[in-house]
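These notes concern the structure reproduced below.
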Amino acid sequence: MKDREMTLIDWQKQYGTEEGCVQALIERRWPEGFRCPCCGHDGGYSIKTRGY
């Protein structure tokens, strides 16, 4: 599925903040929650020194 192009105004309306955008990306990447592709473990964490 190809996403439609989005203007800056559309982006701001949909996500509002960078944090909102990051959360949307996480939900899209792992819609049923994070799971390691190698072992299947569901415990993950973000590395704060790398941003998100």
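Bear in mind these aren't lab numbers, they're just calculated from the coordinates by the rules spelled out. On a predicted model such as this, the values are computed, not experimentally measured, just so you know. Every residue, glycine as well, gets a Cβ built from its backbone with ideal geometry; the counts of neighbours run over all protein chains shown.
At a 10 Å Cβ-Cβ cut-off, how would you order 26, 47, fewest neighbours first?
47, 26
Run the quick spin-label model on residue 5 and residue 21: label points 7 Å from Cα toward the beta carbon, then report their separation in nm to one decimal.
So the label points at residue 5 and residue 21 sit 1.7 nm apart.
Among [x] -0.51, -0.94; [y] -0.64, -1.06; [z] -0.68, -1.28, which is the computed log10 I(q)/I(0) by the Debye sum over Cα atoms at q = 0.16, 0.25 Å⁻¹?
Here log10 I(q)/I(0) by the Debye sum over Cα atoms at q = 0.16, 0.25 Å⁻¹ agrees with entry [y].
Okay, helix-only estimate at 222 nm for the chain: each DSSP H run of n ≥ 4 adds -39500 (n - 2.57), divide by all residues, round to 500 deg cm²/dmol; what do you get?
Calculated at 222 nm, the ellipticity per residue is -11500 deg cm²/dmol.
What nm value, rounded to one decimal, do you get for the distance between residue 28 and residue 48 when each label is placed 7 Å out toward the C-beta?
In this crude spin-label approximation the distance works out to 2.8 nm.
Go ahead and run the numbers for FRET between residue 14 and residue 39, Cβ-Cβ distance against an R0 of 30 Å, rounding to 0.05.
FRET efficiency, residue 14 to residue 39: 0.30.
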